[in-house]
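Here the structure is laid out as C-alpha cells; the discussion comes afterwards.
FYI, it's all coordinate maths here, none of it is from the lab. Because the structure is predicted, anything quoted here is derived from the model rather than measured. Because the Cβ atoms are built from the backbone with ideal geometry, glycine has one as well, and the counts that use them run over all protein chains shown.
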Amino acid sequence: MSDAPKKPGRSFRIGKLTPRYGFILNPFTETRVSKCPLCDKLNFPRKFPLLIAVEGWGPYVQGKTCKYCSKCELIICHQDELEEQLFQAFTHLRPALIGADYFVIGTVETRTMKAALGGDSPGLDDALEHAADFKKHLDLEFDPGGWRPADAPPRLLEPTPPDTSWRRGRGALTDRTSQ
Ligand SMILES: [Zn+2]
C-alpha cells in the first residue's frame, strides 16, 4: 500500500510548459541530503528559478540553489533556507505577508527569473507562460541513524516545519498591525 504511487493533489496544471522534475521540500535541518534518496548517488548544488504560490501574493519567482540529482531529475530544496530567502524578499515586497502559507509549484525559465530580478514581478500570464509544474512532489523520510537491533525498523523523524524568520514573523505581524 505504501508503495503505491502518490496521486497528485491537484488535477489541474498551472504552468503552461510540460511538467518536469520531481520535487522534495526538506523540512529536516538535521540532514542536507548529500545523496539522492531515490538512487543513492551524490547530489550536486544547482540553482533553480522556483515558482511559488504565496497566499495573498500569487505566483512568486525565487532563485534558489537546491540539491539536484540529474539521473532522477529530482530537486531537493531545504525548507529552512527557502523560508529565510522568502523572509528577506517579503521584508521588501510586502512585510504583511511574512509567514503566509505557500506552495512550490514548479520552475520557470531562467530568463523569466532574470526579468523578475530586474525589479518588477513578471505579470501573472507571463510567468505562467514560461513555467513548468513539477511532475510530482515527494516526501522525504529521514532516519537520523545510530545503532539499533538488526531487525528493528528505522526510527523515522516526524517532519515538523523548521524554525525560520518566515514563521517567527507571523506573530510579529500581528504585533505590528495592532500598534
Ligand atoms: Zn537520483
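So which chymotrypsin sites (Phe, Trp or Tyr not before Pro) in the stretch 6-106 are both in a DSSP loop and have at most 11 other Cβ atoms within 10 Å of their Cβ? Please list the in-between numbers first.
Details: sites: PHE12, TYR21, PHE23, PHE28, TRP57, TYR60, TYR68, PHE87, PHE90, TYR102, PHE103; in loops: PHE12, TYR21, PHE28, TRP57.
Taking the stretch 6-106 and a limit of 11 other Cβ atoms within 10 Å, the loop chymotrypsin sites (Phe, Trp or Tyr not before Pro) found are PHE12.
Need one number: nm distance between label points at GLU55 and THR29, each 7 Å from Cα along Cα→Cβ, rounded to one decimal.
Modelled inter-label distance: 2.3 nm.
Arrange VAL108, VAL54 by Cβ neighbour counts within 10 Å, fewest through most, would you? List each step's numbers first, then the result.
Numbers: VAL108 27, VAL54 19.
Lowest count first: VAL54, VAL108.
Among all the aspartates and glutamates, which ones have a C-alpha under 19 Å from LYS135's C-alpha, if same-chain residues fewer than 8 places away are not counted?
Answer for LYS135, where 19 Å is the Cα cut-off: ASP3, GLU73, GLU109, listed by chain and number.
Report the full-extension gain for the segment LYS41 to ALA152: residue separation times 0.36 nm, less the Cα-Cα distance, to one decimal in nm.
On the way: separation 111, 0.36 × 111 = 39.96 nm, distance 2.54 nm.
Stretched out fully, the LYS41 to ALA152 stretch lengthens by 37.4 nm.
Convert each backbone phi in the stretch 63-77 into a coupling constant with the Karplus relation 6.51 cos²θ - 1.76 cosθ + 1.60 (shift: θ = phi - 60°), then list the ³J(HN,Hα) values in order as whole Hz, x for Gly and Pro.
Going residue by residue, I get x, 9, 7, 10, 7, 9, 10, 6, 5, 8, 6, 10, 9, 10, 10 Hz, with x marking Gly and Pro.
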